[in-house]
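The values are calculated or read from the model by the stated rules, or taken from the named source; none is laboratory data. Predicted model, so just to flag it, every value in this text is computed and none were measured. Heads up, the Cβs are rebuilt from the backbone with ideal geometry, glycines too, and the neighbour counts pull from every protein chain shown.
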Amino acid sequence: MPIAAALKVLVVDDQNSVRQMTRISLEQLGVRHIHEAENGVQAMDTASLQPLDLIISDYNMPEMDGLGLLRAVRGHPSARRIPFILVTGRGDRELVVKAAQAGANNYVVKPFTADILRTKIEQVMGKLS
Amino acid sequence: MTSLDQLKNTFFDECSEALQQIEHGLTDMREGHGSGDTINAVFRSVHSVKGGAGIFGFDSLVGFAHVFETVLDAMRANKLPATPDIVDVLLPANDVLTDLIAMSRAGEAIAPGYGSESRAALERLLGKTGDEADDGPAPADFEGLDFMPIMAGGFDDPPAPAGYRIVFRPKPDMLKRANEPLYLIRELRKLGTLDLAAETEGLPPLAQLDPDRAYIGWTGTLQTDAKREAIEEIFDFVSGDCEIEIAPLQAEPAADPFAGLPEAAPAAEATEAVAPPPLVQHSAPSIVPATAPAEAAAKPPAAKQAATTMRVEVEKIDRVVNMVGELVIAQAMLGQIVHNLPEETSGRLAQILDEVVHHTRELKDSVMSMRAQSIGAVFQRMPRLVRELAAKTGKKVRLEMQGENTEVDRSIIERLGDPLTHIIRNSIDHGIETPQTRTAAGKGEEGTVKLIAEHRGGRIVVEVRDDGGGIDPDRVLKKAREKGLVSPDAALSEDEIVNLIFMPGFSTAESISDISGRGVGMDVVRRNIQDVGGRISVKSERGRGMTLQLALPLTLAVMDGMVIRAHAETYVLPMSAIVECLRPSRADIHNLVGGRGLLKLRGNLVPLVHLSDLLDLGTVNADSDERVVIITDAGDGTRFGIIVDELLGHQQVVVKSMEESYGTVPGVAGATILGNGRVALILDVEKLSDLAVSQTSPFARLGNAEPAGAN
């Protein structure tokens, strides 16, 4: 059972406001170690440099989108095991199929509440404590 | 401000950027040079607006953005072509989006039907594609979508992927038989994802190393769908020269979503992999423990792209700018002290101080470049304006923009929007003719307004050019006389007449139109531009169009100044206005009646004024030979010489505004603190030139019409 306060989570979104809102939701769940990245390229930098327990990434980003990031993570020797939750818009049904094929652990539709995020994380990591 | 409010602000700032992107992209598409990337970028921007709006609960914004986005998505998927008709629906949609964002930001209630016309137009487009813009509340999950969340592998190991565990150890004399292990490895790699670790334990010290002997073995995995035979085939030729083991990783290919993914490295190792991944990476620690990094041919490190930009709050940069300003002042004071020291002690100090001056200047330039923004931020608002005005006036106008990437200090960008808007309003309202008139005059139906920005001589020059009817000098003069702005008998050149449009209270519009006649005249525009230390000038050709030129300083905070003395007073003149300084021989100065003079300079006559006269400092000792003449350019190309008593030196000065405390004082642009701690006024050369001519020209009355301190 993962301990929320010990989890290291990377939040990836090109919009600062959205990153901060996600951060607030995570903090409500008790997560204390939150890294941020603005796009897939930055996220890969972070993911290859430190151990992470979870990546929550938006899909819609310049440079490298969420799917590109997911593929890069899954292909990376040290990062490939990191659970990955893709954040999608509500029109992105087909995207979720692609994400599943590329190895996403879960997805969450924007906008989401802290409770929805908890459910989505727990489906991947087990019950948070 | 709560943190949520701050976040909303961040979101709205992001929206402004997104709107710019959208406008830019749509303009490109309208003009026919939008690519798939353009549509993508526009889509992404609208999508970002929608996403953020959803999070912050701006439902009207989400609803509209959603329909907008759906149309763009259809275009992205080539279901809708990017034809001008369609872009013409998107452009007003962006205007509605802009309004909705503005209203959401201001916290105004949004009328339920706001933008319904544009929305209906977007929906009509979608009708053509069969896509429905569903506008219900966002679901937490996609219904009917069979997505099984995958429990993370960190807690239970995922099944092994399809492939083989391979051990390959060349015998010592394999190389001597002309067999190259790396070729074999390369062949293996063609079969799938190869992950090998080198066994380097057998490697002797360098001195004992025999280059013809094979020392290194490899173990690892090949993740592939290929048959075992395919692998054996590769090693066929060398089977006698090496030790080879091939074992399947699993009996059956996994029916797992991770299938097709390389085997995961255990978590313990994740922390070790700090370096870019080498090719030969052990990932099967059950076989060989990690002892040494792979020494065999390492894959070129994955290109590691560092972030190239970061966002910094403006206040933080402003603080640095302020500190640089203070540093410049402190340094000037230090310079003064060093200057007063005896030479034996000051020599080395002065040298170091020179370096400090140099560094400070660089520091200033760097921080100023951080504050610089491309002028595109202002330009981007103009296409919409032109569209709306053209629609309202029934004229056909196309807007061309050049130099949108020209960088200008933020503070100037902020204050450029209104004047530019007003000038463009004027151009379309008064300048560009109706299609009928244009055709009759032998011009194309469509008028052009050009917006051009460029760096020119330490300034930013922004021009608004139109190919309309230009200014009619007769009408302007008539109007000016009617309003008593010029005396009936004054003889004015055409240029002077055209410049009357900047007079307070002047407006040529026959009727106050909805567009430009808002009680704001060109005089206000001029004042706005002058307030940021800029100059405005106009050129007009009757029947062919007119050009309004704005020359703006690059920055408002620190500038290069010439410190001068007139009588007992010290002033600063902006270096950008100074053409040259000279000490003329008395023979070159021709005194005229009324204390004025002319200077003969390389065959030309330049009017001269005494600064002491101009500022009423006291009697001028007309006979002094010690005077210096500073030739200045008031910005419109007219030169005049200012006589001062002494040049005290050239230095960077920090501009402190006095307007808040004293109002606008003609001839004074601001104040600064000098090295000796004293305050000196920074003179405004253009206004000085106005002051100089005010006593003799027909503008006399006007020059004085604006009392000091009037705002």
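Taken over the stretch B:422-451, the residue count meeting the criterion of being among the hydrophobic types (A, V, I, L, M, F, W, C) and loosely packed, with under 14 Cβ neighbours inside 10 Å is 2.
Here the stretch B:452-470 is the region considered, the condition is being of a type in the set (A, V, I, L, M) and modelled with pLDDT of 85 or more, and the residue that is surrounded by the most Cβ atoms within 10 Å (Cβ to Cβ) is B:VAL462. Filtering the stretch B:325-346 to residues that are surrounded by fewer than 12 Cβ atoms within 10 Å (Cβ to Cβ) and either at pLDDT 85 or above or of a type outside the set (Asp, Glu) (or both) leaves B:ASN340, B:PRO342, B:THR345.
Picking from residues in the stretch A:4-61 that are part of a loop (DSSP other than H, G, I, E, B) and more than 10 Å from every other protein chain (Cβ to nearest Cβ), the one that is surrounded by the most Cβ atoms within 10 Å (Cβ to Cβ) is A:VAL31. With the requirement that a residue be β-branched (Val, Ile, Thr), surrounded by fewer than 19 Cβ atoms within 10 Å (Cβ to Cβ) and part of a strand (DSSP E or B), what does the stretch B:647-689 give you? Listed by number, the list holds a single entry, B:VAL679. The selection criterion, being β-branched (Val, Ile, Thr), within 19 Å of A:ASP65 (Cα to Cα) and surrounded by 24 or more Cβ atoms within 10 Å (Cβ to Cβ), holds for B:VAL42.
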